[in-house]
Amino acid sequence: MSPKRTRKPTPKSDGEDSSDSYSDFRHDLKRPRSNSPWNITDNTSADNPPLKIYVLSVKFDATTYQSLVCLVEDCLLRVGKDEHSPATLRRVELSANLEEADVIVTAIRTRPRLERHVNPSLATYMTSLILITDQKSRPIVTAEWLQNSVRSGFLLPCADYAALRDFRKETARLCPDQKQGDVIAPEQLGAPPKPQVFRDPEELVDARDAAALDHTSRYSCQRGSPLSCPNQGLVRELDVIRRCRFVEGEERSVLSYSRAIALTSMAAYPSPITAEKLHSGVAKLPFLGEKILSMIEEYTGAGKIAEAQEAILSSPRFQSLSAFTAIYGIGPHTARKLYALGLRTLEELDRYYEVTPGDASTEAPSHVASDKHYTEEVEAEISIKVGLALRHDFGQLISREEAEEINRVVMEVLASIQEDCKSLIVGGYRRGKPQSNDVDIVITHSDWNSGSKKVKGLSKKLVQVLHERSMFLYFSDLSGFHEHNTLRTHNWDSLEKALTVLCLPSNAGGRRIHRRVDLIFATPEVFWTAVVGWTGSTMFQRDLRLWAKQQKGMKFDSSGISRRRDSKLYFPKSEREVFEILGLAYVHPSLRNADA
Ligand code: UTP
Ligand code: MN
């Protein structure tokens, strides 16, 4: 059979659904981040140990609980009266152990309920914490204490936030706000920073925003979907079935499983789904049909889903198709064609495409230099060859630090072409993923009025200069085209973009890894819609479109928001405004992880 390579694969969509590495990262639930509004180094020492906060999950809804946990992560708070007096800084840490905590944060407001919700011995112990005046005593406060402290940058007095009103006095006495640590002179602190100014995303999760979300909504853009998930095992099993449907091209089924994964990952939070919960709450969730429900039931009993474990994972066909679609440039359609030609392993694909692993120099033509135009088929084949040759590089996940470095280098190069551009790293990075498969950067010009003209045509110029400086390897010309996929109902967007493979200049650390870097250019008017669209996750973005269309008579995509009846265009000036225009409660980027 003669090999046909006519169907053009979509590098983006293929990369996105090859979720092996994606589900792996989720084992590492601790995200590296700094919430500190203070631009100083950590001064935690033996004399000034971190303040340990225990957030009692009972009675908090999933998103509020998650937002509180996010607040506590790696944050420095100031102990002292105001920003001009000598200050002590204390690192705040999340404690997994109630016994070790210095402060307990809870949603429970009455003593009997506290006793009912936790196991009785613990309850007695907890309430006694504030009755006994020994060393171990510690205050029990409401979520607002934590939120307001982090927002203001100061460790606030606990008394106003005592969870049990009757114990206000004791709470005041036990509050760590007056405890001593290293004293730091105000000048050492530098200029008083504005509270709430953090790295992008600029705001922390606000528990009030989180409380407005509803984890039973049919639209994932109304739910809060944190990175960590209590039903990880179940999600992994469902994801195996989803991937099987994906490689086999069963798009409707892919969508059902994607929706089920997005829903069940958060259902019955904070504890995993049990058979009992399944019948009370989970079964009422939207989109969970009979078949998927019976699989969840099977999982709650057996701890696995037989179809995933026995039929799919052990199937040689699934193994080959999975390996093929994990390659940048190979979509499920191409993968099945290659399989039908009798090809089974990546080494066989190397021979078929005449690729030398690790060497992409012959595969990556310099479109930029030669300004050559290839047919779609040739483009598609080049992209597969690049994907195969560089599969070992592309398989290595990108840390947040490296993503930031790539952004910095790209923006330095861009500054030599056009001044006053600004950028945000979007995609999984912005949703808080510790590691990503590629780097997505949205670029615009800072001038609202004249920026639009200045952004046009920048994509090509930037690629040209990156090429001249030998950082650039390959530029996919497929950016305008996307293989039809139910997860992507329309053309993605009409933004100018360069889907590139870059390799930064070598540093002291030795050879650099080739990285996939998507550069998206947006005029200032649509910068924030582009940021929301490209921050994803894919399911979140898909539901934003659906919500806009079904509930608001509007059209949303990364390149703009418009009203359907009169095509009125909206130009949001902030990310929050995008949500406001769409009539949605704001969802913090770290709560948009609606994919598996
Ligand atoms: P990615 O495929 O880069 O996924 O798309 P990710 O979430 O960053 O995860 P990694 O990179 O695999 O670790 C980022 C987001 O960009 C949007 C989608 O919403 C997707 O979630 N996107 C992607 C578009 O708007 N258009 C496209 O053509 C591709
Ligand atoms: Mn990405």
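Computed from the coordinates by the stated procedures, all read-outs in this text should not be read as laboratory data. Not measured: the values here are computed from a predicted model. Note: ideal-geometry Cβ built from the backbone for every residue, glycine included; neighbour counts use all protein chains shown.
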If we count every other residue with Cβ under 14 angstrom of residue 562's Cβ, Lys/Arg +1 and Asp/Glu -1, where does the sum land? +4
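Quick one: of 454/568; 454/552; 337/385; 456/552, which pairs are farther than 26 Å apart, Cα to Cα? Could you put the intermediate results ahead of the total?
On the way: 454/568 24 Å; 454/552 33 Å; 337/385 16 Å; 456/552 31 Å.
Violating the 26 Å Cα-Cα cut-off are 454/552; 456/552.
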Report, by chain and number, residues whose modeled amide H sits under 5 Å from the one on residue 92, excluding near sequence neighbours (fewer than 5 apart, same chain). 51, 75, 76, 77
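Going highest first, how would you order 554-565, 348-359 by mean Cβ packing within 10 Å?
Working: 554-565: 18.6, 348-359: 14.8.
Going from most to least packed, we get 554-565, 348-359.
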Quick check on region 371-423: take the gyration tensor over C-alpha atoms, sort the square-rooted eigenvalues as a ≥ b ≥ c, and tell me if it's rounded (a/c under 1.5), prolate or oblate. oblate
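Once you list every other residue whose beta carbon is under 14 Å from the beta carbon of residue 60, what net charge do they have if Lys and Arg are +1 and Asp and Glu are -1?
On the way: positive: 59, 109, 113, 208; negative: 61, 144.
Every neighbour counted, the sum reads +2.
Please work out whether region 294-423 counts as rounded, prolate or oblate from its C-alpha gyration tensor, where a ≥ b ≥ c are the square roots of the eigenvalues and a/c under 1.5 means rounded, while otherwise a/b larger than b/c means prolate and anything else oblate?
Numbers: a/c = 2.86, a/b = 1.47, b/c = 1.95.
Oblate, because a/c is 1.5 or more while a/b does not exceed b/c.
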